[in-house]
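The values are calculated or read from the model by the stated rules, or taken from the named source; none is laboratory data. Remember, predicted model here, so these are calculated numbers, not experimental data. For neighbour counting, all protein chains shown are included, and Cβ atoms are generated from backbone atoms with ideal geometry for every residue, glycine included.
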Amino acid sequence: MGRRLPDCQQQEGKTVTFRIAGAWIADAATLSGAEAGIARYYYTSVEASSAHTIRCEFASDARVDAGYGERNLTIY
(Lines give C-alpha, C1' and ligand atoms only; values in the text may rest on other atoms or scores of the structure.)
Protein backbone atom coordinates (compact mmCIF):
# COMPACT_ATOMS: atom_id res chain seq x y z
CA MET A 1 0.00 0.00 0.00
CA GLY A 2 1.15 3.50 -0.75
CA ARG A 3 1.19 5.79 2.28
CA ARG A 4 2.62 9.25 2.73
CA LEU A 5 4.62 10.38 5.72
CA PRO A 6 4.29 11.79 8.33
CA ASP A 7 0.52 11.15 8.62
CA CYS A 8 0.50 7.72 6.88
CA GLN A 9 -2.54 8.53 4.75
CA GLN A 10 -3.15 6.04 1.95
CA GLN A 11 -2.60 7.57 -1.45
CA GLU A 12 -5.35 7.52 -4.10
CA GLY A 13 -4.87 8.01 -7.83
CA LYS A 14 -1.07 7.74 -7.80
CA THR A 15 0.69 6.05 -10.73
CA VAL A 16 2.65 2.86 -10.02
CA THR A 17 4.83 1.28 -12.73
CA PHE A 18 5.00 -2.52 -12.87
CA ARG A 19 8.11 -4.24 -14.28
CA ILE A 20 9.05 -7.90 -14.65
CA ALA A 21 12.74 -8.70 -15.06
CA GLY A 22 13.33 -5.00 -15.80
CA ALA A 23 10.82 -4.83 -18.67
CA TRP A 24 7.94 -2.35 -18.40
CA ILE A 25 4.58 -4.13 -18.08
CA ALA A 26 2.07 -1.40 -17.22
CA ASP A 27 1.29 1.76 -15.29
CA ALA A 28 -1.65 1.52 -12.89
CA ALA A 29 -3.25 4.06 -10.56
CA THR A 30 -3.76 3.40 -6.87
CA LEU A 31 -7.39 2.76 -5.93
CA SER A 32 -9.69 4.68 -3.59
CA GLY A 33 -12.14 3.93 -0.78
CA ALA A 34 -11.52 0.71 1.16
CA GLU A 35 -8.69 -0.16 -1.28
CA ALA A 36 -6.97 3.23 -1.17
CA GLY A 37 -3.25 3.01 -1.83
CA ILE A 38 -3.43 -0.35 -3.65
CA ALA A 39 -2.46 -0.56 -7.33
CA ARG A 40 -3.45 -3.61 -9.37
CA TYR A 41 -2.82 -4.79 -12.88
CA TYR A 42 -3.94 -8.16 -14.26
CA TYR A 43 -1.27 -9.53 -16.57
CA THR A 44 -1.06 -12.66 -18.71
CA SER A 45 2.57 -13.73 -18.64
CA VAL A 46 4.63 -14.12 -21.77
CA GLU A 47 7.86 -14.77 -19.85
CA ALA A 48 9.54 -18.17 -19.78
CA SER A 49 8.84 -20.50 -16.87
CA SER A 50 11.47 -19.59 -14.29
CA ALA A 51 12.23 -17.14 -11.50
CA HIS A 52 11.90 -13.43 -12.30
CA THR A 53 11.85 -10.19 -10.32
CA ILE A 54 8.68 -8.13 -10.15
CA ARG A 55 9.18 -4.47 -9.29
CA CYS A 56 6.63 -1.74 -8.53
CA GLU A 57 7.89 1.84 -8.80
CA PHE A 58 6.48 5.21 -7.74
CA ALA A 59 8.16 8.19 -9.41
CA SER A 60 7.32 10.78 -6.68
CA ASP A 61 5.09 13.80 -6.39
CA ALA A 62 4.85 16.92 -4.25
CA ARG A 63 3.95 14.90 -1.11
CA VAL A 64 5.62 11.49 -1.53
CA ASP A 65 9.23 10.63 -2.36
CA ALA A 66 10.11 8.20 -5.13
CA GLY A 67 10.35 4.56 -4.13
CA TYR A 68 9.94 0.96 -5.21
CA GLY A 69 9.40 -2.56 -3.96
CA GLU A 70 10.72 -5.82 -5.43
CA ARG A 71 9.91 -9.48 -4.91
CA ASN A 72 10.71 -12.77 -6.53
CA LEU A 73 8.12 -14.03 -9.01
CA THR A 74 8.18 -17.67 -10.09
CA ILE A 75 6.32 -18.48 -13.29
CA TYR A 76 5.41 -22.15 -13.76
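Odds and ends about this structure:
- Picking from residues in the stretch 52-61 that are surrounded by fewer than 15 Cβ atoms within 10 Å (Cβ to Cβ) and in contact with a Lys or Arg (Cβ under 8 Å, 6 or more places away or on another chain), the one that is farthest from ARG19 (Cα to Cα) is ASP61.
- Top-ranked residue in the stretch 47-61 [being not in a loop (DSSP other than H, G, I, E, B) and not small (Gly, Ala, Ser); ranked as nearest to the chain's Cα centre (by Cα)]: CYS56
- The stretch 28-51, residues that are closer than 22 Å to ILE75 by Cα and crowded, with 17+ Cβ neighbours inside 10 Å: ALA28, ALA39
- Residue that is nearest to the chain's Cα centre (by Cα), among those in the stretch 2-27 that are of a type outside the set (A, V, I, L, M, F, W, C) and surrounded by 15 or more Cβ atoms within 10 Å (Cβ to Cβ): THR17
- Among the residues listed as THR30, THR44, THR74, the single one being within 16 Å of the chain's Cα centre (by Cα) and of a type in the set (S, T, N, Q): THR30
- In the condition set (1) at pLDDT 95 or above; (2) buried (at least 16 other Cβ atoms within 10 Å of the Cβ), ASN72 is compliant with all but (2).
- Going through (1) surrounded by 10 or more Cβ atoms within 10 Å (Cβ to Cβ); (2) in contact with a strand residue (DSSP E or B) (Cβ under 9 Å, 6 or more places away or on another chain); (3) in a loop (DSSP other than H, G, I, E, B); (4) without any contact (Cβ under 8 Å) to a residue 60 or more places away in the chain one by one, VAL64 falls short only on (4).
- Output for the stretch 23-40, where each listed residue is of a type outside the set (A, V, I, L, M, F, W, C) and either modelled with pLDDT of 95 or more or farther than 24 Å from GLN10 by Cα (or both): ASP27
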